[in-house]
Amino acid sequence: MALTIAGSDSSAGAGVQADLKTFAAHQVYGVNAVTGIVAEVPGSVSRVQPVDSSLLGAQLNRVSSAFTIRSIKTGMLATADNIRIVADFVRECSDTPFVIDPVMRATAGPNLLDAAGRELLKSELIPLATLVTPNLPETADLLGVDPETFTPAEAAAQLFETYGAGFLVKGGHAEKLSTVVDYACIDGNVFEISHPRLEVPDVHGTGCTLSAAITARLAFGQPLLEAIGGGVSYLAECLDAHFSWPQSGGSESLNHFPKSVD
Ligand code: PXL
């Protein structure tokens, strides 16, 4: 069983819905604690409503008292108060692999984490993580520098030095080359993960899906680097099999079940 602590996406391509589908695709039973509700379709967010942090705490309390959770991930956390609750919860589960997708903005633009939350994410939560999966803009934010001032490989090592957690710096936002290179820094060693770029311009939820796939794999005991490689391959399959919605201007959603069930 794996736990996602994340926001609800009404279009179900990102957030809790993407995480639960990804867990299911990996045959891992998923449970969830919702941090907020986002009214959106791909490319257009109309409202973000955080939940009261005591309600988040109640969800975490219920699932952790009833189930044996083998891995945990976070996505949208929305507020600093939510982060305090999650940090207290994760400290109580110190042997459980913990993946952070450091979600700050939706692909469509709006903030999914308040300003105080950004600071607490850095000071309280990231140091507790097994793996953090920033894209390049999030990497710049976590390092407090401009994106032009680092290479992704240097950034992965620098993030490990700064926060003492494992990092996967995703290269998808870099120059539009046909190959994407991600860099993982685990226990101070940097690994390169190359994969072909799949152009699906209006899809969202790729970060949620990759981090959920890694979390699912950690739930069944895969070593971290293997879980990262497997997660990257799974995301490529979801992108390749994406849905297009002609009635909403050709917007797109990931297909979390890229292989048909026999
Ligand atoms: O992809 C980032 C993200 C995470 N979580 C929720 C979202 C989004 C993007 O739209 O809605 C709930």
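In region 100-145, how many residues are touching a residue at least 60 places away in the same chain (Cβ under 8 Å), more than 16 Å from the ligand (Cβ to nearest atom) and either out of contact with any strand residue (DSSP E or B) (no Cβ under 9 Å at 6 or more places or on another chain) or of a type in the set (Ser, Thr, Tyr) (or both)?
Total satisfying the criteria: 1.
For region 1-18, enumerate the residues that are more than 9 Å from the ligand (Cβ to nearest atom) and not polar (S, T, N, Q).
Passing the criteria: 1, 2, 3, 5, 12.
Mind listing whichever residues of region 133-188 are among the basic types (Lys, Arg) and over 17 Å from the mean Cα position of the chain (by Cα)?
Listed by number, the list holds a single entry, 176.
Consider residue 33 carefully, then state whether it is under 25 Å from residue 227 (Cβ atoms), more than 16 Å from the chain's Cα centre (by Cα) and either modelled with pLDDT of 95 or more or near the ligand (Cβ under 10 Å from one of its atoms) (or both).
Answer is no for this residue.
Rundown of residues vs (1) away from the ligand (no atom under 15 Å from the Cβ); (2) free of Cβ contacts under 8 Å to residues at least 40 places away in the same chain, yes/no style:
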{"residue": "174", "(1), (2)": "yes, yes"}
{"residue": "195", "(1), (2)": "yes, no"}
{"residue": "206", "(1), (2)": "no, no"}
{"residue": "230", "(1), (2)": "yes, yes"}
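So that you can scan it fast, the table gives a plain yes or no per residue for (1) touching a Ser or Thr at 6+ places or on another chain (Cβ under 8 Å); (2) of a type in the set (A, V, I, L, M, F, W, C):
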site	(1), (2)
9	no, no
23	yes, yes
30	yes, no
38	yes, yes
66	no, yes
75	yes, no
85	yes, yes
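Given the conditions (1) in contact with a strand residue (DSSP E or B) (Cβ under 8 Å, 6 or more places away or on another chain); (2) closer than 14 Å to residue 135 by Cβ, and given that residue 173 satisfies all but one, which numbered condition is not satisfied?
Among (1) in contact with a strand residue (DSSP E or B) (Cβ under 8 Å, 6 or more places away or on another chain); (2) closer than 14 Å to residue 135 by Cβ, the lone unmet condition for residue 173 is (1).
What are the residue pairs meeting all of these: first residue in region 1-30, first residue within 20 Å of residue 232 (Cα to Cα), second residue within 15 Å of the ligand (Cβ to nearest atom) and basic (Lys, Arg), Cβ atoms under 6 Å, and 6 or more apart or on different chains?
4/73
Give the residue that is farthest from the ligand (Cβ to nearest atom), with candidates limited to residues of region 71-80 that are under 22 Å from residue 130 (Cβ atoms) and in a loop (DSSP other than H, G, I, E, B).
Here is the first cut: in region 71-80, the residues under 22 Å from residue 130 (Cβ atoms) are 71-77.
Narrowing further to those that are in a loop (DSSP other than H, G, I, E, B): 75-77.
Working: 75: 5, 76: 4, 77: 9 Å.
The selected residue is 77.
Taking residue 96 as meeting all but one of (1) hydroxyl-bearing (Ser, Thr, Tyr); (2) free of Cβ contacts under 8 Å to residues at least 40 places away in the same chain; (3) within 16 Å of residue 35 (Cα to Cα), write down the number of the exception.
Evaluating residue 96 over (1) hydroxyl-bearing (Ser, Thr, Tyr); (2) free of Cβ contacts under 8 Å to residues at least 40 places away in the same chain; (3) within 16 Å of residue 35 (Cα to Cα) leaves (3) as the failure.
Among the residues of region 57-70, is there at least one that is within 11 Å of the ligand (Cβ to nearest atom), over 27 Å from residue 234 (Cβ atoms) and touching a residue at least 12 places away in the same chain (Cβ under 8 Å)?
no
The values are calculated or read from the model by the stated rules, or taken from the named source; none is laboratory data. This one's a predicted model, so the numbers in the text were calculated from it and none came from an experiment. For neighbour counting, all protein chains shown are included, and Cβ atoms are generated from backbone atoms with ideal geometry for every residue, glycine included.
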